[in-house]
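Accompanying notes for the structure given below.
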Amino acid sequence: MSFYDEVYKVVRCIPKGKVATYGQIARILNSPRASRAVGYALHSNPEPVIIPCHRVVNRYGSLTRQFAFGGIEAQAQLLRADGVEVGDDYIVDLEKYRWDA
């Protein structure tokens, strides 16, 4: 299984109403310095509806301005539809919404 496939497998596990960080996913995969590689994998997501890459944010809870599937507002809308509060500054409260893998 490729690194990208492993990323997709983990991201599929993030439940509705929760988010994970790029670094968190990298640590789950025993590659703690691979957060950028996680981002590259998600940017290449082959199944955006099935692999919920919109549930991945940066270490501060910020949404990505480069969200590959419609931009930051699209990511915010998807998260809000999941029940995640997104601030006007496009930041998610990680204390409240971080997934405990």
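The values are calculated or read from the model by the stated rules, or taken from the named source; none is laboratory data. In this text, all values refer to a predicted model and were calculated from it rather than measured experimentally. Backbone-built Cβ (ideal geometry, glycine too); neighbour counts: all protein chains shown.
Conditions tested, residue by residue: (1) among the polar types (S, T, N, Q); (2) over 14 Å from A101 (Cβ atoms).
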position: K9; (1), (2): no, no
position: G23; (1), (2): no, no
position: P46; (1), (2): no, yes
position: V49; (1), (2): no, yes
position: N58; (1), (2): yes, yes
position: R80; (1), (2): no, yes
Checklist entry - Mind checking whether some residue in segment 28-35 is at pLDDT 95 or above, under 11 Å from the mean Cα position of the chain (by Cα) and of a type outside the set (G, A, S)? => result no
